[in-house]
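Notes follow the structure.
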Amino acid sequence: MIAIVEHLVTSYGYFGVALVILLESMGVPLPGETALISAALFAGTTHELDIFGVIAAAVTGAVLGDNLGYLIGRKFGLPLLLRYGPRIGIAESKLKLGRYLFAHYGPSVVFFGRFVAVLRTLAAFLAGVNQMGCGSFFAANLSGALLWASAFGTAAYLLGHEIHKLSGHLGVMILGAASVAILGGIGLVRRNEERLAAMAEAEFPGPLIDVLPPRHSSVDST
C-alpha cells in the first residue's frame, strides 16, 4: 500500500497528495502522512515539486476530506445510530453523553487527532455524528491541518530521509501519549458516567431525534 501511495504521489504530484489525504480524512484507511512525507522528500531531492505547493495540497486534502467526513457523520451517522444503536448496545443516553463530551472537548479531539493515524480517519466523522458546531469544527480542523502539513512537510523537505526515522519515533510517542490520554479519559468517564449522563441530559433534554431534519424524524418514528 505504501509503495502504491508513493508511486501515486510521484506520478500525479500535488493532486496525488491531496487525493490520498482527502480519502484518509474521510475515513478510508490510507497512509496520508506517508503521502505528505513522500511528496516533501520528492520536492527536496528532485525540485520537481514546490514544498509550498505540497503543503498547500496536503492542507486542501485534509480540510476537504475532514469536512466531507463531518457532513457524512452529521447527516447519516446520528440517524443510523438512533435507529440501530440499541441493537448493538448504544442507547440514546450514551449518544447524549458522546454529544456532551464532543460539545465541550471536540475542538481538542479534532485538532490533535490530525497527528494520530487512527483519529485522523475517525475524528471528523465522529464530530459530525455528535453534532459538533460547524464553526468550532472548521476552526479546529483548519488549524490542525495547517500545523500538521507545515511541520511534517517542512521537516521532510529539510531533513530528507532522516524524517522516516523521526516520524516513526514521533508517531510512537504521540500514539503512546494519545493512548494514555484516551484510557485515562475512558476511566474518568466511567467513574463519573452517571453524573456526566445527568449533565448531558440537562444540556440536551428530550429525544435526540428532535435535532434531526423532519424527513429523518418521520422515518425513525415509524
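Can you name the residue in the stretch 128-152 that is under 11 Å from the mean Cα position of the chain (by Cα) and either within 24 Å of Val17 (Cα to Cα) or free of Cβ contacts under 8 Å to residues at least 40 places away in the same chain (or both) and, of all such residues, is surrounded by the most Cβ atoms within 10 Å (Cβ to Cβ)? Don't jump to the end; show me each part of the working.
Step one: of the stretch 128-152, the residues under 11 Å from the mean Cα position of the chain (by Cα) are 128, 137, 140-141, 144-145.
Subset that is either within 24 Å of Val17 (Cα to Cα) or free of Cβ contacts under 8 Å to residues at least 40 places away in the same chain (or both): 137, 140-141, 144-145.
Working: Phe137: 23, Ala140: 23, Asn141: 27, Gly144: 25, Ala145: 25.
Of everything passing the filter in the stretch 128-152, Asn141 is surrounded by the most Cβ atoms within 10 Å (Cβ to Cβ).
Just wondering, is there one or more residues in the stretch 42-60 that are touching a Lys or Arg at 6+ places or on another chain (Cβ under 9 Å) and of a type outside the set (Ser, Thr, Tyr)? Even if it seems obvious, please write down each step before you answer.
So in the stretch 42-60, the residues touching a Lys or Arg at 6+ places or on another chain (Cβ under 9 Å) come out as none.
No, the stretch 42-60 contains no residue that is touching a Lys or Arg at 6+ places or on another chain (Cβ under 9 Å) and of a type outside the set (Ser, Thr, Tyr).
Would you mind stating whether Ser11 is among the small types (Gly, Ala, Ser), under 30 Å from Leu159 (Cα atoms), free of Cβ contacts under 8 Å to residues at least 12 places away in the same chain and surrounded by fewer than 17 Cβ atoms within 10 Å (Cβ to Cβ)? Can you show your working first?
On the way: among the small types (Gly, Ala, Ser): yes; under 30 Å from Leu159 (Cα atoms): yes; free of Cβ contacts under 8 Å to residues at least 12 places away in the same chain: yes; surrounded by fewer than 17 Cβ atoms within 10 Å (Cβ to Cβ): yes.
Criteria met by Ser11.
For the stretch 64-100, name all the residues that are among the aliphatic types (A, V, I, L, M), over 28 Å from Ala145 (Cβ atoms) and surrounded by fewer than 19 Cβ atoms within 10 Å (Cβ to Cβ).
Ile88, Ile90, Ala91, listed by residue number.
Output the residues belonging to the stretch 64-113 that are of a type in the set (Ser, Thr, Tyr) and at pLDDT 90 or above.
So the first thing to find is which residues in the stretch 64-113 are of a type in the set (Ser, Thr, Tyr), and the list is 70, 84, 93, 100, 105, 108.
Residue satisfying the conditions is Tyr70 alone.
When you look at Gly61, is it under 16 Å from Arg114 (Cα atoms), at pLDDT 90 or above, buried (at least 20 other Cβ atoms within 10 Å of the Cβ) and touching a Leu at 6+ places or on another chain (Cβ under 6 Å), yes or no? Before you say what the answer is, go through the steps one by one.
Working: under 16 Å from Arg114 (Cα atoms): yes; at pLDDT 90 or above: yes; buried (at least 20 other Cβ atoms within 10 Å of the Cβ): yes; touching a Leu at 6+ places or on another chain (Cβ under 6 Å): yes.
The answer is yes for Gly61.
Looking at the structure I just gave you, is Leu30 crowded, with 18+ Cβ neighbours inside 10 Å, of a type in the set (A, V, I, L, M, F, W, C), outside any helix (DSSP H, G or I) and under 14 Å from the mean Cα position of the chain (by Cα)?
Working: crowded, with 18+ Cβ neighbours inside 10 Å: yes; of a type in the set (A, V, I, L, M, F, W, C): yes; outside any helix (DSSP H, G or I): yes; under 14 Å from the mean Cα position of the chain (by Cα): yes.
Yes; evaluated as a whole, the condition is true for this residue.
The values are calculated or read from the model by the stated rules, or taken from the named source; none is laboratory data. Just so it is clear, the model here is predicted, and its values are computed rather than measured. Neighbour counts are summed over all protein chains in view; Cβ atoms, including those assigned to glycine, are modelled from backbone coordinates with ideal geometry.
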